[in-house]
Amino acid sequence: MAILEFEKPLYEIEEKIKELKEISESSGMDVSKQIETFEKQALEYKKELYANLTPAQRLQIARHADRPTFLDYIKLMTTDFIELHGDRVGTDDRAIIGGIAKIDRQSVVIIGTQKGKNTKENLIYNFGMPQPQGYRKALRLFYHANKFNLPIVTLIDTPGAYPGMKAEETAQGTAIAENLREMAKLNVPIIAVITGEGCSGGALGLAVADRVYMLEHSYYTVISPEGCASILWRDASKADAAAEALKITSEDLLKLEIIDGIVKEPLGGAHCDYEMIGNELKNTILSAINELKDINPNKLRDDRYNKFRRMGVFCQ
Amino acid sequence: MTVKDWFEQRKELQIARRDQDLQIDDSIGKLWVKCYNCNAQLLRKEVEENLEVCPKCGYHFRINARTRIQQLFDEGSFEEMFSNITTADPLEFTDTESYKKRIAQAKAKTNMNEAVVAGVGKIEGNLVSAAVMDFEFMGGSMGSVVGEKVTLAMEEALKRKIPMLAVTASGGARMQESILSLMQMAKTSCAVARLNEAGLLYITVLTEPTFGGVTASFATLGDIIIAEQDARIGFAGRRVIEQTIRQSLPADFQTANYLMKYGQIDMISSRADLKSTIAKLIELHKG
């Protein structure tokens, strides 16, 4: 597993403990008391480390190569997933995957951005950066859910919509805009979760939802800290300062009343315990569906409208 | 004075003179202006009378919201609304300069209080609710105020059951308001959904330049999408795309003509025809 820069001291302590255990086993010396003390200290250190991370450090967890992807969550929290491919007019964008599945006994239409864990996979999934055709595939699946009265779940982990020539020629902006507008019209509950990177319009294009959650170490922003630094600071190396100024952490967004809740991650980040994060996420989604599923569609739409209508801060 | 001092002084004078030169070239309101497109020296007054279009080559210069309103609406018919809504600094954002200072500078420079003017007015006798963006105010970026005023203008159209017009000119989202500006995309698009459900005509006019979060929200959601001649319109900026795909893009990339070729807009209009085109469209939709 990849070790992040700020995790190195912790990693060294853990290595030392392992070494000590090996020595004690091979020599028959009983140092279990000492090991126990060290382990306790290491755990304390670990808790303190992860409780005090800077936004830039948490960004690294959000982008961790081993972070669970959409397809991992499908395995972890759904059964009977059947993928529904394609936008029906020419393309099956692999950066957005969608289908129908059961979460416990509830059928849902579940859609998400997919990232790879290595270069080969990332070439298939375009690093989780959708083309307009991906948003259009999502839209036709939204309509499908609406038709069969199924709740919609979206899982978002994207560095943004793909900035390419073909994407512009096939109207990236329009594809996102239409999703924003059409999501407002749907009669079924929509639950969106930012699981890793929630970058800009590319993330929002799947997130006009009745409930929006973030995983503890995920981030959600109008522009990547790197992009912001290179535009406002004219210096991409100021990304740490930008990450701070942009207020991108889950706690910040909860405070700003942009999201409805935070899904707690295992100590060290979601990649440290797939089972646990899978369960946490599943429980969050199920309880949201239960809250929303009996609400009359008109009220559901009105509530969704008012939720986004309220967002924004200005003087009057 | 030492020789060194003399050189220093000379350098400073040169720098001061350079700034003056720039001012003469740049400033609107001076007697002469130069067309960026054909380099012709033009009389300021002639350009003005020609709707800020180069009389030699027809190039459409950027215009601010006030000028646009003057050109589009019947004389004296436009009533500005919601101008009491002004910028806050909820995140206390500071990059190389504070957001508060940037706002103050933009206000001083443009004599506007934000990057959009909203209100109702008549276009050849047709009453419409309108939001007109201003690129001079912080690059027409959309923060909470722009999102709110655009939404209020749409809600005004709903209330009065009249068509909605949005004229866009924007570099995208206002980064200094971070997530709050992203949410304006959702807010304005949800308001468009209500216009759709009420069956009201929504016309957008995309002008030079329209990019980013504005392109990816209310700008491209018009029932009718008109691009003004010479406008550049896109989602991602040209430089970002070139850096990503590591190849150079065609010269006409993201121009109004390019978008027309790829079926993204209904039509291109010259500035001279814009008013009558909008009026005609409104008339035709009355059935």
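Regarding A:GLU226, is this residue more than 11 Å from every other protein chain (Cβ to nearest Cβ), assigned to a helix (DSSP H, G or I) and under 14 Å from the mean Cα position of the chain (by Cα)? Don't jump to the end; show me each part of the working.
Numbers: more than 11 Å from every other protein chain (Cβ to nearest Cβ): yes; assigned to a helix (DSSP H, G or I): yes; under 14 Å from the mean Cα position of the chain (by Cα): no.
Here the answer is no, as A:GLU226 does not meet what is asked.
Give the stretch B:48-76 a look and list any residue that's within 16 Å of the chain's Cα centre (by Cα) and in a loop (DSSP other than H, G, I, E, B), or say none.
B:LEU51, B:GLU52, B:PHE61, B:ARG62, B:ILE63, B:ASN64
What tally of residues in the stretch B:77-99 results from selecting those that are in a strand (DSSP E or B), within 16 Å of B:SER178 (Cβ to Cβ) and within 9 Å of chain A (Cβ to nearest Cβ)?
Residues of the stretch B:77-99 in a strand (DSSP E or B): B:79-81, B:86-87, B:94, B:98.
Retained after the next criterion (residues that are within 16 Å of B:SER178 (Cβ to Cβ)): B:87, B:94, B:98.
Keeping just the survivors that are within 9 Å of chain A (Cβ to nearest Cβ) gives B:87, B:94.
Here the count works out to 2.
So which residues in the stretch B:151-164 are surrounded by 24 or more Cβ atoms within 10 Å (Cβ to Cβ) and not in a loop (DSSP other than H, G, I, E, B)? Steps first, answer last, please.
First pass over the stretch B:151-164, keeping only residues surrounded by 24 or more Cβ atoms within 10 Å (Cβ to Cβ): B:151, B:153-154, B:157, B:163-164.
Those that are surrounded by 24 or more Cβ atoms within 10 Å (Cβ to Cβ) and not in a loop (DSSP other than H, G, I, E, B): B:THR151, B:ALA153, B:MET154, B:ALA157, B:MET164.
Got a sec? Which helices (runs of 4 or more DSSP H) wholly within the stretch B:177-287 have at least 1 residues that are within 14 Å of chain A (Cβ to nearest Cβ)?
Working: elements: B:178-197, B:212-215, B:238-245, B:256-261, B:271-285.
Counting at least 1 such residues, we get B:178-197, B:212-215, B:238-245, B:256-261.
Determine if the stretch A:271-280 includes at least one residue that is of a type in the set (Ser, Thr, Tyr), surrounded by 14 or more Cβ atoms within 10 Å (Cβ to Cβ), in contact with a helix residue (DSSP H, G or I) (Cβ under 9 Å, 6 or more places away or on another chain) and at negative phi.
Kept after step one, since they are of a type in the set (Ser, Thr, Tyr), are these residues of the stretch A:271-280: A:274.
Keeping just the survivors that are surrounded by 14 or more Cβ atoms within 10 Å (Cβ to Cβ) gives A:274.
This time we only want the ones that are in contact with a helix residue (DSSP H, G or I) (Cβ under 9 Å, 6 or more places away or on another chain), so: A:274.
Filter again for at negative phi, leaving A:274.
Yes - at least one qualifying residue is present in the stretch A:271-280.
Check whether at least one residue in the stretch A:206-216 is under 30 Å from B:ASP223 (Cβ atoms) and not hydrophobic (A, V, I, L, M, F, W, C), and report yes or no.
Within the stretch A:206-216, the first condition is being under 30 Å from B:ASP223 (Cβ atoms), and the residues that meet it are A:206-210, A:212.
Pick out the ones that are also not hydrophobic (A, V, I, L, M, F, W, C) and you get A:210.
Checking the stretch A:206-216: at least one residue is under 30 Å from B:ASP223 (Cβ atoms) and not hydrophobic (A, V, I, L, M, F, W, C).
I need a count of the residues in the stretch B:121-148 that are touching a strand residue (DSSP E or B) at 6+ places or on another chain (Cβ under 6 Å) and more than 14 Å from every other protein chain (Cβ to nearest Cβ).
8
Collect the residues in the stretch A:240-283 that are among the small types (Gly, Ala, Ser) and away from chain B (no Cβ under 12 Å), keeping them in residue-number order. Spell out the reasoning first.
The initial filter retains those residues of the stretch A:240-283 that are among the small types (Gly, Ala, Ser), namely A:241-243, A:245, A:250, A:261, A:268-270, A:278.
Scanning the stretch A:240-283 gives A:GLY261, A:GLY268, A:GLY269, A:ALA270, A:GLY278.
For the subset of the stretch B:77-110 comprising residues that are of a type in the set (S, T, N, Q) and loosely packed, with under 13 Cβ neighbours inside 10 Å, which member is nearest to B:PHE135 (Cα to Cα)?
Applying the first criterion (of a type in the set (S, T, N, Q)) to the stretch B:77-110 yields B:77, B:83-84, B:86-87, B:94, B:96, B:98, B:105, B:110.
Then drop every residue that is not loosely packed, with under 13 Cβ neighbours inside 10 Å, which leaves B:84, B:96, B:105.
Details: B:ASN84: 20, B:THR96: 21, B:GLN105: 14 Å.
That would be B:GLN105.
When residues of the stretch B:116-136 are filtered for being crowded, with 24+ Cβ neighbours inside 10 Å and in contact with a Ser or Thr (Cβ under 6 Å, 6 or more places away or on another chain), how many remain?
Selection size over the stretch B:116-136: 1.
Out of B:ARG238, B:ARG246, B:ARG194, B:ARG232, I need the residue that is in contact with a Pro (Cβ under 9 Å, 6 or more places away or on another chain) and charged (D, E, K, R). Which one?
On the way: B:ARG238 fails: in contact with a Pro (Cβ under 9 Å, 6 or more places away or on another chain); B:ARG246 fails: in contact with a Pro (Cβ under 9 Å, 6 or more places away or on another chain); B:ARG194 fails: in contact with a Pro (Cβ under 9 Å, 6 or more places away or on another chain).
The match here is B:ARG232.
When the residues of the stretch A:32-64 are narrowed to those that are within 13 Å of the chain's Cα centre (by Cα) and not in a helix (DSSP H, G or I), which ends up surrounded by the fewest Cβ atoms within 10 Å (Cβ to Cβ)?
This residue is A:ARG63.
Of all residues in the stretch A:302-316, which are within 7 Å of chain B (Cβ to nearest Cβ) and over 11 Å from B:LEU180 (Cβ atoms)? Talk me through it step by step, then tell me what you get.
First, the residues of the stretch A:302-316 that are within 7 Å of chain B (Cβ to nearest Cβ): A:305, A:308-309, A:311-316.
Answer for the stretch A:302-316, where residues must be within 7 Å of chain B (Cβ to nearest Cβ) and over 11 Å from B:LEU180 (Cβ atoms): A:TYR305, A:PHE308, A:ARG309, A:CYS315, A:GLN316.
Return yes or no: is A:ILE152 buried (at least 24 other Cβ atoms within 10 Å of the Cβ), in contact with a Leu (Cβ under 8 Å, 6 or more places away or on another chain), farther than 23 Å from B:GLY237 by Cα and not aromatic (Phe, Trp, Tyr)?
Working: buried (at least 24 other Cβ atoms within 10 Å of the Cβ): yes; in contact with a Leu (Cβ under 8 Å, 6 or more places away or on another chain): yes; farther than 23 Å from B:GLY237 by Cα: yes; not aromatic (Phe, Trp, Tyr): yes.
Criteria met by A:ILE152.
Are any residues in the stretch A:23-59 under 16 Å from A:PRO266 (Cβ atoms) and in contact with a Phe, Trp or Tyr (Cβ under 8 Å, 6 or more places away or on another chain), and if so, which ones?
Passing the criteria: A:LEU49, A:LEU53, A:ARG58.
Give just the number: which of (1) outside any strand (DSSP E or B); (2) more than 8 Å from every other protein chain (Cβ to nearest Cβ) does B:VAL167 not satisfy?
Unmet for B:VAL167, out of (1) outside any strand (DSSP E or B); (2) more than 8 Å from every other protein chain (Cβ to nearest Cβ): (1).
If a residue must be part of a loop (DSSP other than H, G, I, E, B) and either surrounded by 14 or more Cβ atoms within 10 Å (Cβ to Cβ) or in contact (Cβ under 8 Å) with a residue 60 or more places away in the chain (or both), how many such residues does the stretch A:282-316 contain? Quick ask: steps written out before the conclusion?
Initial filter on the stretch A:282-316 (part of a loop (DSSP other than H, G, I, E, B)): A:293-296, A:310-313, A:316.
Next cut, either surrounded by 14 or more Cβ atoms within 10 Å (Cβ to Cβ) or in contact (Cβ under 8 Å) with a residue 60 or more places away in the chain (or both) only: A:293, A:295, A:311-313.
Going through the stretch A:282-316 one residue at a time, the tally reaches 5.
For the stretch B:59-67, state whether one or more residues are closer than 30 Å to B:SER178 by Cβ and either of a type in the set (Val, Ile, Thr) or within 11 Å of chain A (Cβ to nearest Cβ) (or both).
Start the filter on the stretch B:59-67 by keeping residues that are closer than 30 Å to B:SER178 by Cβ, which leaves B:62-66.
Filter once more, so that each one left must be either of a type in the set (Val, Ile, Thr) or within 11 Å of chain A (Cβ to nearest Cβ) (or both): B:63.
The answer is yes, given that some residue of the stretch B:59-67 is closer than 30 Å to B:SER178 by Cβ and either of a type in the set (Val, Ile, Thr) or within 11 Å of chain A (Cβ to nearest Cβ) (or both).
Would you check if A:LYS120 is within 14 Å of chain B (Cβ to nearest Cβ) and charged (D, E, K, R)? Walk me through it before giving the result.
Details: within 14 Å of chain B (Cβ to nearest Cβ): no; charged (D, E, K, R): yes.
For A:LYS120, the condition - within 14 Å of chain B (Cβ to nearest Cβ) and charged (D, E, K, R) - is not met.
Being closer than 24 Å to B:TYR99 by Cα and aliphatic (A, V, I, L, M) narrows it down to one of A:LEU246, A:LEU292, so name that one. Steps first, answer last, please.
Details: A:LEU292 fails: closer than 24 Å to B:TYR99 by Cα.
Of A:LEU246, A:LEU292, the one residue that is closer than 24 Å to B:TYR99 by Cα and aliphatic (A, V, I, L, M) is A:LEU246.
Kindly provide the set of residues from the stretch A:252-270 that are surrounded by 19 or more Cβ atoms within 10 Å (Cβ to Cβ) and in a helix (DSSP H, G or I), ordered by number.
Selection gives A:ASP252, A:LEU253, A:ALA270.
With the requirement that a residue be free of Cβ contacts under 8 Å to residues at least 12 places away in the same chain and hydrophobic (A, V, I, L, M, F, W, C), what does the stretch B:242-287 give you? Steps first, answer last, please.
Restricting attention to the stretch B:242-287, the residues satisfying the condition of being free of Cβ contacts under 8 Å to residues at least 12 places away in the same chain are B:242-252, B:257-258, B:261-263, B:273, B:280, B:284, B:286-287.
Passing the criteria: B:ILE245, B:LEU249, B:ALA251, B:LEU284.
We did not get these values from a lab; they are worked out from the coordinates using the rules stated. It should be emphasised that the depicted structure is a prediction, and the values quoted were computed from it without experimental measurement. Methodologically, a virtual Cβ is constructed for each residue, glycine included, from the backbone with ideal geometry; neighbour enumeration extends over all protein chains shown.
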